[in-house]
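Structure first, then comments.
The values are calculated or read from the model by the stated rules, or taken from the named source; none is laboratory data. All values reported here derive from a predicted model rather than from experimental measurement. All Cβ positions, even for glycine, are placed from backbone atoms using ideal geometry, and neighbour counts span all protein chains on display.
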Amino acid sequence: MSRRPRILLSVVALVVGVIAVGTAPNGTNVVDPFAVWGAPGEAVEGRVLTAEVLGARAGSELLIADGADAPIDSPGVWLVVDVELTAAQGWLSLSQTEVQIDGSDYRTSPIADDTALLTLPYGSDVPMRGSLVFELPEAAIEAGTARLVLRTTIDDRLDSVPVISLDLRELETSDEVSVEPPVVVSPGAGS
């Protein structure tokens, strides 16, 4: 083989190698969860959870539906996301669910444990409606957009996770937002 084809072959091999290295997954994103994207009003189906955002509200005081306590103040703002969720298998916890805004992650607040929808206790294919509660700094609401990431486990590597985009500019806002207890949705009730 003459010198010219060897050089050309070497250059081609080098270019292919650079492209392969440049596009290969790195150590962190090789096992990241697979985001299944959606918008409010759409059913977004992951491997273990189907989710639909029915609406979102924000306010400086949180009122728990049973009325036993006075409203709970926040130095920031309460974000209440109304959802319909269906587990595909067994009992699920939603304590790892978070809202991502401008690089910051905010987990569901345990403040309304008995009223907020933090678990799907009835097993597979039993849809429930309820609210997820997040306490955010006021500046976070002004960011404009957020992502609701419905994680059901601490370790969600290589799993599919419903992610729903939220437009914070379209939030229903008031001084007080209330949270009703979660309910089982009867078949055929629709959204």
In the stretch 87-135, what residues are in a strand (DSSP E or B), farther than 20 Å from Ser74 by Cβ and either among the aliphatic types (A, V, I, L, M) or modelled with pLDDT under 90 (or both)?
Ala87, Leu92, Ser93, Thr119, Leu120, Met128
Give the stretch 166-191 a look and list any residue that's of a type outside the set (Gly, Ala, Ser), in a loop (DSSP other than H, G, I, E, B) and surrounded by fewer than 12 Cβ atoms within 10 Å (Cβ to Cβ), or say none.
Asp175, Pro187
Give the residues of the stretch 64-84 that are modelled with pLDDT under 90 and either at positive phi or in contact with a Ser or Thr (Cβ under 8 Å, 6 or more places away or on another chain) (or both), sorted by residue number.
Ile64, Ala65, Asp66, Gly67, Asp73, Ser74
In the stretch 25-55, anything at pLDDT below 95, surrounded by 14 or more Cβ atoms within 10 Å (Cβ to Cβ) and either of a type in the set (Lys, Arg) or part of a loop (DSSP other than H, G, I, E, B) (or both) is listed as Pro33, Gly46, Arg47, Val48
Of the candidates Ser165, Ser178, the one satisfying the condition of being in contact with a strand residue (DSSP E or B) (Cβ under 9 Å, 6 or more places away or on another chain), closer than 30 Å to Val30 by Cα and touching a residue at least 60 places away in the same chain (Cβ under 8 Å) is Ser165
Enumeration of residues in the stretch 9-24 that are surrounded by fewer than 11 Cβ atoms within 10 Å (Cβ to Cβ) and modelled with pLDDT of 80 or more
Ser10, Val11, Val12, Ala13, Leu14, Val15, Val16, Gly17, Val18, Ile19
Going through the stretch 150-165 one residue at a time, which ones are modelled with pLDDT of 95 or more and surrounded by fewer than 17 Cβ atoms within 10 Å (Cβ to Cβ)?
Ser165
In the stretch 59-94, the residues that are within 14 Å of the chain's Cα centre (by Cα) and closer than 19 Å to Val184 by Cα:
Val80, Val81, Asp82, Val83, Glu84, Leu85, Ser93, Leu94
Condition (residue is in a strand (DSSP E or B) and either free of Cβ contacts under 8 Å to residues at least 40 places away in the same chain or out of contact with any Ser or Thr (no Cβ under 8 Å at 6 or more places or on another chain) (or both)) applied to the stretch 136-157: is it met by at least one residue?
yes
